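Presented below is the structure to which this report refers.
Nothing in this text is a laboratory measurement; each read-out follows from the coordinates by a stated rule. Source: prediction; values computed, not measured. We place every Cβ from the backbone using ideal geometry, glycine too, and count neighbours over all the protein chains shown.
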Ligand code: GAR
């Protein structure tokens, strides 16, 4: 009705999504915390880990979110199980948050432009493992983090958002990683909200017209 205040976000009418992790799960926890505080416009419905002992699973249970271990030793079977679980919980998109597996066409074709990843560098620089170490060894003055849609390459999909982090002369891999991680948490929440609001449109390999508010 005209003049009426916009409805408060409620879990009932929010899009649901999956989070895939492999380890610590601090990016996942940032999303769960934002959701609890009413700052996320989508609902994390299920956390999947490809490692049964991933510390992030325990953290997710503390937030009261359903968790599942899915083996990806057979990638095809792991991805099929993930698709089945996504359908079961009604997930509309997938967030890779420290998920250390390259996904294949099986999962990507089931969720076209609906899978995002967070990476600890300013892509296309330093894809793959140990991005912060790669940045330090190269001698860059700034690095940062990137969210992007996932394609079959390693960290090559369309870039959504990036944040810059200064590299200090006395940085170690640990100190740089910690400062980047802080930015990752905020960037991932912002990116999930854009996705939840349908504000990300991929044209060829680029995302056009992101209107941020
Ligand atoms: C994060 O820094 C994330 O960007 C990185 O793994 C870490 C996971 O931490 N991901 C990649 O390097 C993917 N190529 P978390 O488990 O605490 O979120």
**Q.** GNM top mover of 97, 110, 30 - the chain, alpha-carbon springs below 10 Å
**A.** 110
(Q) Which of 171, 74, 198 ends up with the largest GNM mean-square fluctuation for the chain, with Cα atoms connected below 10 Å? (A) 74
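What is the extension gain from residue 186 to residue 62, computed as 0.36 nm multiplied by their sequence separation minus the C-alpha to C-alpha distance, in nm to one decimal? Please report the intermediate quantities before stating the final value.
Numbers: separation 124, 0.36 × 124 = 44.64 nm, distance 2.08 nm.
Result: 42.6 nm gained on full extension.
First measure r as the distance between the Cβ atoms of residue 201 and residue 162, then evaluate 1/(1 + (r/R0)^6) with R0 = 22 Å and state the FRET efficiency to the nearest 0.05.
In this case the efficiency is close to 0.80.
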Q. Top mean-square fluctuation among 79, 58, 43, Gaussian network model of the chain, C-alpha springs under 10 Å?
A. 58
(Q) Between residue 24 and residue 210, how high is the FRET efficiency from 1/(1 + (r/R0)^6) when r is the Cβ-Cβ distance and R₀ = 30 Å? Nearest 0.05. (A) 0.55
Q) In percent, what relative contact order does region 1-112 have, based on Cα pairs under 8 Å that are 6 or more apart in sequence? A) 32
Q) Counting every Cα pair in the chain, what percent are over 30 Å apart? A) 20
**Q.** Pairwise label distance in nanometres, residue 74 with residue 104, each label 7 Å out on the Cα-Cβ vector
**A.** 1.1
**Q.** Label-point separation, residue 170 to residue 81 (7 Å along Cα→Cβ), nm
**A.** 4.7
Q. Using alpha-carbon positions, what is the distance between the centroids of region 57-72 and region 94-172, in Å?
A. 23
